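K.L.:
Before we start, here is the structure in question, set down as structure tokens.
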Amino acid sequence: MKILITGCAGFIGMHVARLLLARGDQVVGVDNLTDYYSPALKLARLAQLKPLPGFRFIQLDIADRMAMEDLFAAERFNRVVNLAAQPGVRYSLKNPHAYIQTNLVGFGNILEGCRHNGVEHLVYASSSSVYGANTRMPFSVHDNVDHPVSLYAASKKASELMAHSYSHLYGLPTTGLRYFTVYGPWGRPDMSPWLFTSAILEDRTIDVFNQGRMQRDFTYIDDIAEGTVRVLDHIAAPNPAFDTKAPDPSSSYAPFRVYNIGNHQPVELMTFIKTIEDALGKAAKKNFLPMQDGDVVATYADIEDLKRDVGFEPKTALADGIARWADWYRQYHGL
């Protein structure tokens, strides 16, 4: 198959591309190499992909309508994995326009490309952030998610709604994946594992928000990549039991699905920090702070639908994943 991966120089994109290439698919990767964080890391990820048979890279912005129309028309992809996005809850408070441009305008261009060029299945990144003000645990794809607490979360919820409209109007099979706190080798510098690890090794103080009273469903990158590929192979189909009088947000009469991908084992923030300290053999200096705007206290994924439909669940234990992360971090930085 020929598969488009947008955001291929990103954390998840690189790992999904490697899995698809390893099994013999053709992968066309696109990325605009934005400077939201160091492009050097993105180029280093690309360097892992470029020697692999079946991979081609094209630098472009998914928000560029004409470029995307030309790409889809020229390549005729079988399937698409849209991982290009402006990430980060906190940055959405500083630069909201970046989220509107990439996560909404760009995603609209992806949908149009799929619609007009016979794409069999579109899988796209959503986020656990969509659960917002919902405090019912574990987070279920069957629950209402109409109360986001950040623009980032709102843009991801909007992507799900946009996808459903295309599934309804044009019969385009779409599946949204709500990723839960992804970590591991090649991770982003703005995420907590990198922030904590770099600070600990450099004897700097780490900021611990909400006085450390937080939980996250940390999910290892290899599990995320495998789950994404499994879902890509499981083309979304209409739910014959869908009740229009009591609509379930996770499915539809149209070929539309939404799944959580999380480890289903929420971890206390202080436990997470201790696991990093153990892997590094060094204690952290901590600065306890109040809750940040746009953040949530806890995330916890209900993955029963993913297990039932796709036959997959993450299995990497936190201690194992953090040990691999710490080894990679040291190697990448020559420590």
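The values are calculated or read from the model by the stated rules, or taken from the named source; none is laboratory data. What you are looking at is a predicted structure, and each value in this text was computed from that prediction instead of being measured. Ideal geometry is used to build each Cβ from the backbone, glycine not excepted, and the neighbour counts take in all protein chains shown. The protein model used for the area step is the full one, side chains on, heavy atoms only, and it has no ligands, DNA or RNA in it. Shrake-Rupley method; radii C 1.70, N 1.55, O 1.52, S 1.80 Å.
K.L.:
Over the chain, what relative contact order in percent results from Cα pairs under 8 Å that are six or more residues apart? Walk me through the intermediate numbers first.
P.N.:
Details: 676 pairs, mean separation 60.5, N = 335.
Computed value for the chain: 18 percent relative contact order.
K.L.:
From the mean inverse distance of alpha carbon pairs (Kirkwood) and the Cα radius of gyration, derive Rg over Rh for the stretch 55-118.
P.N.:
When Rh is taken as the Kirkwood radius, the ratio is 1.02.
K.L.:
Using +1 on the beta carbon of Lys and Arg, -1 on that of Asp and Glu, and nothing else charged, what's the dipole of the chain about the Cα centre, debye to 20?
P.N.:
Working: 33 positive and 36 negative charges, 85 e Å.
Rounded to the nearest 20 debye, it is 400 debye.
K.L.:
In bins 5 Å wide, starting from 0, what share of all Cα pairs of the stretch 178-243 does each bin hold, as a percent?
P.N.:
3, 13, 16, 18, 15, 10, 8, 6, 6, 2, 2, 0
K.L.:
Here's a follow-up. Residues with amide H under 5 Å of ILE206's amide H, sequence separation 5 or more or different chain, H placed in the peptide plane at 1.01 Å from N; which?
P.N.:
Placed amide hydrogens put LYS285, LYS286, ASN287 under 5 Å from ILE206.
K.L.:
Right, another one. If amide H atoms are built 1.01 Å from N in the plane of the peptide, which residues on other chains or at least 5 residues away come under 5 Å of the amide H of VAL182?
P.N.:
THR219
K.L.:
Further question: How large, in percent, is the carbon and sulfur part of the accessible surface of the chain at a probe radius of 1.4 Å? All intermediate terms of the calculation are to be shown ahead of the outcome.
P.N.:
Numbers: 7230 of 14030 Å².
Answer for the chain is 52 percent, counting heavy atoms of protein chains only.
K.L.:
Here's a follow-up. Evaluate the charge dipole of the stretch 262-320 about its Cα centre and quote only its size in Debye, nearest 20, assuming +1 on the Cβ of each Lys and Arg and -1 on the Cβ of each Asp and Glu.
P.N.:
Values: 7 positive and 11 negative charges, 76 e Å.
Taking the Cα centre of the stretch 262-320 as origin, the dipole is about 360 debye.
K.L.:
Follow-up question, since we're still on this one. Grab the alpha carbons of the stretch 88-162, take their convex hull, and tell me the volume per residue in Å³. Write out the running numbers ahead of the final one.
P.N.:
Numbers: hull volume 6.7 nm³, N = 75.
Per-residue hull volume (Cα only) is 89 Å³.
K.L.:
Rounded to the nearest 500 deg cm²/dmol, what is the calculated helix-only ellipticity per residue at 222 nm for the chain, with -39500 (n - 2.57) per DSSP H run of length n ≥ 4? Write out the running numbers ahead of the final one.
P.N.:
Details: 11 runs with 125 residues, N = 335.
One gets -11500 deg cm²/dmol as the mean residue ellipticity at 222 nm.
K.L.:
Return an integer: the convex hull volume of the alpha-carbon atoms of the stretch 1-124, in Å³ per residue. Working shown, then result.
P.N.:
Numbers: hull volume 11.3 nm³, N = 124.
Here the figure is 91 Å³ per residue.
K.L.:
Going Cα to Cα from LYS42, which lysines come in below 30 Å? Please leave out same-chain ones fewer than 8 positions away.
P.N.:
Cross-link targets: LYS2, LYS50, LYS94, LYS156, LYS157, LYS274, LYS282, LYS285, LYS286, LYS315.
K.L.:
Picking from ILE3, ALA254, ILE235, whose Cα lies most toward the positive end of the charge dipole for the chain (charges on Cβ: Lys, Arg +1; Asp, Glu -1)?
P.N.:
ILE3
K.L.:
What is the projected area of the convex hull of the Cα atoms of the chain, averaged over all directions, in nm²? Intermediate values should be presented prior to the final figure.
P.N.:
Working: hull surface 63.6 nm².
Here the figure is 15.9 nm², rounded to one decimal.
K.L.:
If you line up the Cα atoms of the stretch 217-335 on their principal axes, what length do they span on each, largest first, in Å?
P.N.:
Result for the stretch 217-335: principal-axis Cα extents of 55, 34, 20 Å.
K.L.:
Shifting gears a bit: I'd like the distance separating the alpha-carbon centroids of the stretch 144-209 and the stretch 88-103, in whole Å.
P.N.:
Going from one Cα centre to the other spans 12 Å.
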